[in-house]
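Chemist: My structure is below; once you've seen it, I'll send some questions.
Laboratory data are not the source of any read-out in this text; all were calculated from the coordinates shown. It should be emphasised that the depicted structure is a prediction, and the values quoted were computed from it without experimental measurement. Cβ atoms come from the backbone with ideal geometry, glycine included; neighbour counts cover every protein chain shown.
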2 protein chains.
Amino acid sequence: MAKRIGRYTIKMENYPAIIGYAAVCGKKEAEGPLGHYFDYTFDDSMLGETSWEKAESRLQTESVIRALNKSGVSKEDVDFIFAGDLLNQYISSTFGLRSLSIPFLGQFGACSTMAQTLALSSIMVETGVAKHCIAVTSSHFCAAERQFRFPLEYGGQRTPTAQWTVTGSGAAVLGKDGKSPFISAVTVGKIVDLGVKDANNMGAAMAPAAAATISDFFNDTKTEPSDYDLILTGDLGEVGSKLLNELLIKENIDISSKHSDCGILIFDKKSQDVHAGGSGCGCSASVLCSAILNKLSSKKINNILFIATGALMSPTSSQQGESIPSIAHLVNIKSSIK
Amino acid sequence: MAKRIGRYTIKMENYPAIIGYAAVCGKKEAEGPLGHYFDYTFDDSMLGETSWEKAESRLQTESVIRALNKSGVSKEDVDFIFAGDLLNQYISSTFGLRSLSIPFLGQFGACSTMAQTLALSSIMVETGVAKHCIAVTSSHFCAAERQFRFPLEYGGQRTPTAQWTVTGSGAAVLGKDGKSPFISAVTVGKIVDLGVKDANNMGAAMAPAAAATISDFFNDTKTEPSDYDLILTGDLGEVGSKLLNELLIKENIDISSKHSDCGILIFDKKSQDVHAGGSGCGCSASVLCSAILNKLSSKKINNILFIATGALMSPTSSQQGESIPSIAHLVNIKSSIK
């Protein structure tokens, strides 16, 4: 049975398994370094729908149905679906998943949502409250740009610190019996706000939250970076990743040889013009639910920390002069349990 | 330990207790029939802040601090805070709670959020994953109007089916040891969408979701309306409440003699000009965390069903011609456990 170790970390004893997972993405993501790992990619940013928002809903439908098919679990055997996205009132999740008739628990963590949905899903399966849960998130470049920034038609110039919202969705089905990989522990983050106000530099706003959660996890578990094969942040991008490493060095934690970031992995910096990297809920979700879980399943890597980070601001809060509160949730995933 | 009964319901065996609760509201709510039950009411709709959004954040801060004080639990002893609201990207919750440094799990269920946060908090305490959790939501009339409808200055005419968003917040602290009341069971709802498109008639959109969850709960638990002292819906208002009763009668479930609705209770229909009643996350949260939990604590009532309902649409989805998917979560609360 799950037990708390230290102040913030929940250690699994039954090791919930990821029994199916899938990622679907857009054309730009297909052209990136991880393109061949995704289950399906769409050439058309509308996915045949009549709006970008409806297209994003479709991304969630597609990733969930593919993950369910791969898991062999029917939707009638899923007890909860934990889902979220970036759009106002989560319309990607609610419209994308309404036809499934699975008990629905909407989650809000901005780009940290994939770790949050995985954490809650794994706790539910670990404790026997659920037999199966689904964790899913998405984002869509065009829908996010017009909601958070400018109309695409305006053609606004992007700053060097800006990140490119990934068009994609990742979904994972969790259950108590599976071969690999397994959830070993989770750390739920606290809101951290060091006063960063630049909404075009989310990486800088989110790095302190990632540092706090990683530090809490190492304190709680009495482990260190060398115990892990990979320490994978969600979407800090180039700027935030550098800051994260600097912040942790001040606490005598050196993750540099183990650290990677989904926002850096998903696009090719030289050829794809994404400035500081990828971002959006769909970024860490699609990277995790493709290349990374593949490597864990095939035991090419064995023990990772997945830390998705979220910037908890809105255009309204920024317009009112507020800083950007951030959060990071951590999930420790292992290829095998001994 | 929590166990599933039937398809959708989780029955508690350790009976998590509500060990502290508080509600804070605005001036109109203070003037309503429940005004004297609230812990504090503010005469100024800005609460001394510089925007309505910041005022709503302050409502959450105030309700949580008051609930913590009444519980005797320090914030350092709270393992998770489950919070949500109606504003885009949940800025009432994130900004209102960022200074607390409590592990934060943002929840999205529109006006069903109070039941959702209570359900997840109680599962965490029941299973021992958390010692203490906080469930909190809020809404603010002025912030909601300008985000979802029209600028207040425009003075738009409201339809007879429209509801009035409550300015208020309710918070509950859950723990394993308490005197009364206790969480006895929870049912997590599925998304229901019967095609209602009128965003000025949320009650009609949400009634089918409430009917589905109530029906699922009675099926799962093999109980009936007469087993409960009160069946309290969140904010269906006049129109939705009538529809709920009609929908359940078709399933041979007659709740009419037990049913009440937070949206009807909070305002005086004759003198307060709220049309079909109150609404908003803060409506069911503030009614539950004042008059209702008082009556359970003092054993004036002993066994209730609290069913908060949410309309999962956004202005964008309505503008794109979509219908309104809805959801309802149920929490069974008892004054004593035998």
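Chemist: Can you tally the net charge around A:THR187? Count Lys and Arg as +1, Asp and Glu as -1, for every other residue whose Cβ sits under 11 Å from the Cβ of A:THR187.
Modeler: Here the charged neighbours net out to +2.
Chemist: Counting DSSP beta bridges with both partners in region A:179-338, what percentage is antiparallel, nearest 5?
Modeler: 70 percent
Chemist: Just for chain A, what percent of DSSP beta bridges are antiparallel, to the closest 5?
Modeler: Roughly 65 percent of the beta bridges in chain A run antiparallel, per DSSP.
Chemist: Could you tell me the ratio Rg/Rh of region B:13-62? Both radii from Cα atoms, Rh via Kirkwood.
Modeler: 1.12
Chemist: Something else: Give me Rg/Rg_expected for region A:62-185, where Rg uses Cα atoms only and Rg_expected = 2.2 N^0.38 Å with N residues.
Modeler: Scaled against compact globular proteins, the figure is 1.17.
Chemist: Further question on the same structure: Is there a quick way to get the dipole size of region A:225-338? I mean about its Cα centre, with the Cβ of Lys and Arg at +1 and of Asp and Glu at -1; what is the value in debye to the nearest 20?
Modeler: The calculation lands at about 520 debye.
Chemist: Return the subset of B:LYS131/B:LYS250; A:LYS270/A:LYS300; B:LYS3/B:LYS179; A:LYS75/B:LYS176 for which the Cα-Cα distance in this structure is over 31 Å, preserving the input order.
Modeler: B:LYS131/B:LYS250; A:LYS75/B:LYS176
Chemist: Okay, moving on. Among A:VAL173, A:GLY96, A:ALA2, pick out the residue whose Cα is farthest towards the positive end of the charge dipole of chain A, where Lys and Arg carry +1 and Asp and Glu carry -1 on C-beta, about the Cα centre.
Modeler: In chain A, that residue is A:ALA2.
Chemist: Convert each backbone phi in region A:305-310 into a coupling constant with the Karplus relation 6.51 cos²θ - 1.76 cosθ + 1.60 (shift: θ = phi - 60°), then list the ³J(HN,Hα) values in order as whole Hz, x for Gly and Pro.
Modeler: Whole-Hz 3J(HN,Hα) from phi for region A:305-310: 10, 10, 10, 8, 10, x.
Chemist: Moving on to the next point. Given the options B:PHE217, B:ALA199, B:GLY189, identify the residue whose Cα lies farthest towards the positive end of the charge dipole of region B:173-243 (+1 on Cβ of Lys, Arg; -1 on Cβ of Asp, Glu).
Modeler: Towards the positive end, the residue furthest out is B:GLY189.
Chemist: Would you grab the residues whose amide H sits under 5 Å from the one on B:LYS131? Only those 5+ places off in sequence or on another chain, please, with H modelled 1.01 Å from N.
Modeler: For B:LYS131, whose amide H was placed from the backbone, the distant partners under 5 Å are B:ASP79.
Chemist: So if I place +1 on the C-beta of Lys and Arg and -1 on the C-beta of Asp and Glu, and nothing else carries charge, what would the dipole magnitude of chain B be about its Cα centre? I want it in debye, nearest 20.
Modeler: Result for chain B is approximately 720 debye, rounded to the nearest 20.
Chemist: Of all GluC sites (Glu not before Pro) in region A:231-274, which ones are in loop regions per DSSP and have a Cβ with at most 13 other Cβ atoms within 10 Å? Let's see the in-between values first.
Modeler: Values: sites: A:GLU238, A:GLU246, A:GLU251; in loops: A:GLU251.
Passing sites in region A:231-274 are A:GLU251.
Chemist: Per the Debye formula with a single identical scatterer at each Cα and no solvent contribution, what log10 I(q)/I(0) holds for region B:92-162 at q = 0.23 Å⁻¹?
Modeler: -1.07
Chemist: Shifting gears a bit: Taking all pairs of distinct Cα atoms, average 1/r, flip it, and tell me the Kirkwood hydrodynamic radius of chain A in Å to one decimal place. List each step's numbers first, then the result.
Modeler: On the way: mean 1/r = 0.0519 Å⁻¹.
For chain A, inverting the mean 1/r across all distinct Cα pairs yields 19.3 Å.
Chemist: What is the list of residues in region A:1-27 whose amide nitrogen lies under 17 Å from a point 7 angstrom out from the Cα of A:LEU194, following Cα to Cβ?
Modeler: Under cut-off, by backbone N: nothing.
Chemist: Please state the charge dipole magnitude for the protein assembly as shown, taken about the Cα centre, from unit charges on C-beta atoms (+1 on K and R, -1 on D and E), reported in debye and rounded to the nearest 20.
Modeler: Details: 62 positive and 68 negative charges, 299 e Å.
Around 1440 debye, computed over the protein assembly as shown.
Chemist: If you average 1/r across every pair of different Cα atoms in the protein assembly as shown and take the reciprocal, what Kirkwood value do you get, in Å?
Modeler: Radius from the Kirkwood sum: 24.3 Å.
Chemist: Skipping prolines and chain starts, which residues have an amide H placed within reach, meaning under 5 Å, of the one on A:ILE5, given they are 5 or more residues away or on another chain?
Modeler: Sorted by chain and number, the residues that satisfy this are A:ILE10, A:LYS11.
Chemist: Sticking with this structure for a sec: Over the Cα atoms of region B:162-281, compute the convex hull volume and normalise it per residue, giving Å³. Working shown, then result.
Modeler: Details: hull volume 16.2 nm³, N = 120.
Looking at region B:162-281, the number lands at 135 Å³ per residue.
Chemist: For n ≥ 4 DSSP H runs only, could you compute -39500 (n - 2.57) per run for the protein assembly as shown, divide by its residues and tell me the 222 nm figure to the nearest 500?
Modeler: Computed mean residue ellipticity for the protein assembly as shown: -9500 deg cm²/dmol.
Chemist: Can I ask one more? Could you tally the net charge around B:GLY263, taking each other residue with its Cβ under 10 Å from the Cβ of B:GLY263, Lys/Arg +1 and Asp/Glu -1?
Modeler: -3
Chemist: What list of whole percents do you get for P(r) of region B:254-338, with Cα-Cα distances grouped in 5 Å bins up to the one holding the largest distance?
Modeler: 3, 11, 17, 21, 18, 14, 8, 4, 2, 1, 0
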